[in-house]
Structure formats: C-alpha cells, structure tokens
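To keep things clear, I will list the structure first and then write my remarks on it.
The values are calculated or read from the model by the stated rules, or taken from the named source; none is laboratory data. Just so it is clear, the model here is predicted, and its values are computed rather than measured. Note: ideal-geometry Cβ built from the backbone for every residue, glycine included; neighbour counts use all protein chains shown.
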Amino acid sequence: MPDWSPETYLKFEDERTRPARDLINALPLANPSFVVDIGCGPGNSTELLVECFPAARHLGFDTSPAMLDKARARLPDVEFRLADAAGFRPDTPPDLMFANAVFQWLPDHLQLFVKFMGELSPGGVLAVQMPDNLTEPTHALMRKVAGAGRWAEKLTAAARAPLPPVRAYYEALKPHCRRLDIWHTIYNHPLADAAAVVEWVRSTGLKPFLDPLDDEEKADFLAAYTAEVAVAYPPLSSGGVLLRFPRLFIVATR
C-alpha cells in the first residue's frame, strides 16, 4: 500500500494536535526522564511532548518513512526510528509511552497495552488517544459507498473494526495499574465545506478505501462519497460545516 501523506495529514494540524494537547494536560507526571511517542507521525505530538518535558530524552517511532522524514526535519535533535508497535522494545524502561491516534489501526492493541504496561518504569504512564468515530457519518458513508459500487469486491476488507467497549479496556488494564482513567471527548470542528470533510478523512480513515483502487475508480469513489457527505453535513447558517469527532482517552499509571 502507498505510504501515508504527511502533507494531507497536516492540512488540519491544529485540529489533529488538539487531542494530543488535551492528553498531555491529563498526565500525572512532572519530570519524566524518558518519553516514547508511539506512532509519532510527522512529529506534531512529539513537539508538544518536548515542549512539556524539555529535560527528558525523547524517542519517536512510526512505520511511515514519509512521516518520519517530516518529524526529523521538524525536530532534528530528537531520535526517530522506523518501527512498529508490536516489534518495538525500549532500551530502558520509559516513564511515559504516548500514542496519539495510532492504536485504532491495530486490532490486537489491547494485548499491546498490557505489554507496554510491563515495559514502563515503576510509576510510568501509558497515555493513549484513539478516534472512536466509526458510527459517525464520515465512516458509515465510506462503508456505504464501498459496498454500492463496482469496487465492492476490492474493498471487502477496507473497513477497520470498531474499538472494544470501555469495559474491555478497564478489565484488561486495571490489574496492571495503580491508577486508570478512561474517558471520551467529542470535538466539533468547524470546516469550510463537505469537500473539507472529505479532505480531512482522506489521509486517515479513507485511505484503506482508496489505496486498492485505480485512478478512475478513486475519482468515481470520491465523487460518490463527497455527494453523500454533502447531504450528511449540511452548511451552517453562518457558512461552513461542523465535523463531530468522538475520541477515546486512556491514562494508565503503573
């Protein structure tokens, strides 16, 4: 599959970074010495972590070479590695393992959370934010358009699985924590129009639906999807549209 597009992702940098900022503000840490940014992307979340904990050693890793190139250009003094969450092994126990919008892509992430809890330093924190928006029109319409067109057979595996219920996270993590906080936040992002909503999801949730298609199919899929999105996100009286975006947050302290 094609690499992720940092340029498309960063078109909405402020909105995508806000949950990372909110997650950092909820951390029960003062002076961590080693911070790991899991799935660091283009370094927008890593930058916040460096600003918040300037004395710490920072390490970011991602599976996307393009994203890592952006991150290294942005933060030349930070170490970045090409790695995935399942295979990553820290060389010393981290005080903070931080993940902004990463684990929704990994069906086995509950097991990874337990693994990471065991790799933290005593009192260390696993802090995670994941989109929990598969029932929102943006994603429901992806599945609708995927199943209705000539590309249906190509896209049978495009949709990702929904997140487990909150209870599953609590029961999996609680035996490994002295403190566990889990909550949802719903963001409402004002965007220019339906085309902006499509552009928002194009670099993330829509990517698995577009990658298997040829150029003509992509154009037709996007046209059909955009038409559906325009109905689901009607213009506001003042102009623009509102993108409702639920996200799940977890802060687990070893």
Looking at the stretch 225-241, which of its residues are surrounded by fewer than 16 Cβ atoms within 10 Å (Cβ to Cβ) and at negative phi?
A227, V231, A232, P234, P235, L236, S237, S238
Of the residues that make up the stretch 192-203, is at least one loosely packed, with under 14 Cβ neighbours inside 10 Å, basic (K, R) and within 29 Å of R21 (Cα to Cα)?
no
For A219, state whether it is assigned to a helix (DSSP H, G or I) and among the small types (G, A, S).
yes
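Every residue, every condition in (1) in contact with a Leu (Cβ under 6 Å, 6 or more places away or on another chain); (2) among the polar types (S, T, N, Q); (3) under 16 Å from D37 (Cα atoms), yes or no:
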site: G87; (1), (2), (3): no, no, yes
site: D91; (1), (2), (3): no, no, yes
site: G118; (1), (2), (3): no, no, no
site: L126; (1), (2), (3): no, no, yes
site: N133; (1), (2), (3): no, yes, no
site: T138; (1), (2), (3): no, yes, no
site: L141; (1), (2), (3): no, no, no
site: A152; (1), (2), (3): no, no, no
site: T156; (1), (2), (3): no, yes, no
Would you say L180 is assigned to a loop (DSSP other than H, G, I, E, B) and surrounded by 12 or more Cβ atoms within 10 Å (Cβ to Cβ)?
no
When the residues of the stretch 193-231 are narrowed to those that are among the aliphatic types (A, V, I, L, M) and more than 23 Å from the chain's Cα centre (by Cα), which ends up nearest to A158 (Cα to Cα)?
L213
Given the conditions (1) out of contact with any helix residue (DSSP H, G or I) (no Cβ under 7 Å at 6 or more places or on another chain); (2) at pLDDT 95 or above, report the number of the one that Q129 does not fulfil.
(1)
A140 fails exactly one of the following numbered conditions: (1) without any contact (Cβ under 8 Å) to a residue 24 or more places away in the chain; (2) surrounded by fewer than 13 Cβ atoms within 10 Å (Cβ to Cβ); (3) outside any loop (DSSP other than H, G, I, E, B). What is the number of that condition?
(2)
If I go through the stretch 100-115 residue by residue, how many of them are of a type outside the set (F, W, Y) and under 26 Å from R18 (Cβ atoms)?
8
Scan (1) surrounded by 17 or more Cβ atoms within 10 Å (Cβ to Cβ); (2) under 30 Å from A194 (Cβ atoms) for the single condition L59 breaks and write down its number.
(2)
Does the stretch 156-177 hold any residues that are assigned to a loop (DSSP other than H, G, I, E, B) and not aliphatic (A, V, I, L, M), and which are they?
T156, R160, P162, P164, P165, C177
Do we have G149 as under 23 Å from L173 (Cα atoms), out of contact with any Gly (no Cβ under 9 Å at 6 or more places or on another chain) and either surrounded by fewer than 22 Cβ atoms within 10 Å (Cβ to Cβ) or at pLDDT 95 or above (or both) here?
no
Selection over the stretch 15-32 where residues are small (G, A, S) and either in a helix (DSSP H, G or I) or in contact (Cβ under 8 Å) with a residue 40 or more places away in the chain (or both) yields a count of 2
Condition (residue is farther than 22 Å from Q104 by Cβ, in contact with a helix residue (DSSP H, G or I) (Cβ under 7 Å, 6 or more places away or on another chain), modelled with pLDDT of 95 or more and part of a strand (DSSP E or B)) applied to the stretch 222-241: is it met by at least one residue?
yes
